[in-house]
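Working notes, structure below.
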Amino acid sequence: MLPQLNGKSYPKEVCLNGIWQKPEEAKISVFDRGFMLGDSLYEVIPFYDGKVFALKEHLSRLKYCLQEISLDFDVEMLIPYIEDSVRRSDNAGKDAAVYLQVSRGAAPRSHFFPERSEPIFLLYSFPVNLSGFENKHWKLLISEDIRWHRCDIKTTSYLANTMLNDKSYKLGLNETLLVKEGMITEGSHSTAFFVKDKIIFTHPEGHQILSGITRKIVLDLCQNLGLEIREEAFPFSEIENADEVFLTGTTTQIMAISEIQFQDNILFQAVESGPITRKLQEAFIQKTRNP
Ligand code: PMP
């Protein structure tokens with residue numbers, strides 16, 4: 001049995017190319033392009049009370065990313081494995097998530113895509129507590145967005161994201177908010193929303209952000225609730241004037257922000273979740289628990 005690290009544990013079993021095995025027995029080639037070049041994609045798919053949520057949306061984003069990197073892979077064949085991964089783990093019937101990765105596979109190392117390679121897929125389920133997020137809040141650090149120009153591709157090459165996230169982790173904060181040319185793009189692993197004068201702002205889709213599935217769900221909720229939303233980047237200089245800030249993500253869900261730090265200054269502070277954040281959190285709980 002593999003040990004725990006930082007309170008996180010390894011799953012009992014992983015599914016590598018359709019074969020369930022112990023993680024210590026699962027093997028990939030040292031020439032796997034995901035390992036060597038970061039030539040691979042991933043998704044995290046949530047299960048509420050054992051039921052998969054927004055599977056179609058996650059698979060369609062994976063399909064888009066596969067097309068963008070010219071990788072031929074049938075995402076539909078993953079569905080039974082995704083469902084099985086929760087059923088055959090200790091997470092059956094509970095809140096959980098499935099981590100899923102598709103790599104181009106092994107080939108002699110080259111900078112161009114090889115003509116032929118056998119893509120490999122890996123997936124496993126892990127427990128995650130998806131309840132009570134509405135009673136929590138996060139504190140953020142602001143940092144320059146040092147990532148590449150295709151943040152819409154959900155690649156496993158998350159070195160820049162992890163470098164950025166580690167900065168807030170080291171300060172005892174929860175997430176790093178990224179600024180590019182004076183505008184907030186998103187978090188290192190989350191989508192950012194700002195509320196000012198009852199209008200909600202979030203960065204438009206495109207190459208500068210990941211098109212978050214939770215982002216889309218929140219946009220739909222805003223429409224249903226009659227809340228005004230603008231897909232416009234929020235300026236860094238306006239953070240001090242924001243009324244509410246929240247982040248979204250598959251496991252983050254809708255997280256209220258209580259503090260934003262930049263260098264040694266506190267730019268934003270809130271004692272409790274704002275009314276618009278609360279409204280969206282309530283609607284989100286309703287949607288995810290009673291689909
Ligand atoms: N942006 C980035 C950079 C992320 O890594 C994530 C989570 N993977 C998100 C946004 C949120 O996306 P989703 O709602 O699909 O989890």
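Rule-based calculations on the coordinates, nothing more; no lab input. Values in this document were obtained by computation on a predicted structure and should not be read as measured data. With ideal geometry, Cβ positions are generated from the backbone for all residues, glycine too; neighbour counts draw on all protein chains shown.
The calculated FRET efficiency for the pair residue 30 and residue 63, based on their C-beta separation and a Förster distance of 30 Å, comes to about 0.55.
Do any GluC sites (Glu not before Pro) in segment 96-186 lie in a loop, going by DSSP, with at most 12 other beta-carbon atoms within 10 Å of their beta carbon, and if so which?
On the way: sites: 115, 134, 144, 175, 181, 186; in loops: 115, 181.
Filter output for segment 96-186: 115, 181.
In this rough spin-label picture, where each label sits 7 Å from Cα along the Cβ direction, the residue 109-residue 17 distance is 2.2 nm.
Of all segments of the chain bounded by trypsin sites (Lys or Arg not before Pro) found in a DSSP loop with no more than 16 other C-beta atoms within 10 Å, the longest spans 199-291.
Just to be sure I understand: of the beta bridges DSSP finds with both ends in the chain, what percent are antiparallel, rounded to 5? Spell out each step's value before the answer.
Details: 48 of 61 bridges.
About 80 percent, rounded to the nearest 5.
Between 28, 217, 209, the GNM of the chain built on Cα springs shorter than 10 angstrom shows 28 fluctuating the most. Helical runs (DSSP H, four residues minimum) scored at -39500 (n - 2.57) apiece and divided by the length of the chain put the mean residue ellipticity at 222 nm at -7000 deg cm²/dmol.
If you average 1/r over all unlike Cα pairs in the chain and invert the result, what Kirkwood radius do you get in angstrom? Intermediate values should be presented prior to the final figure.
Working: mean 1/r = 0.0498 Å⁻¹.
Radius from the Kirkwood sum: 20.1 Å.
Over the C-alpha trace of segment 90-217, radius of gyration and Dmax come out as 17.6, 56 angstrom.
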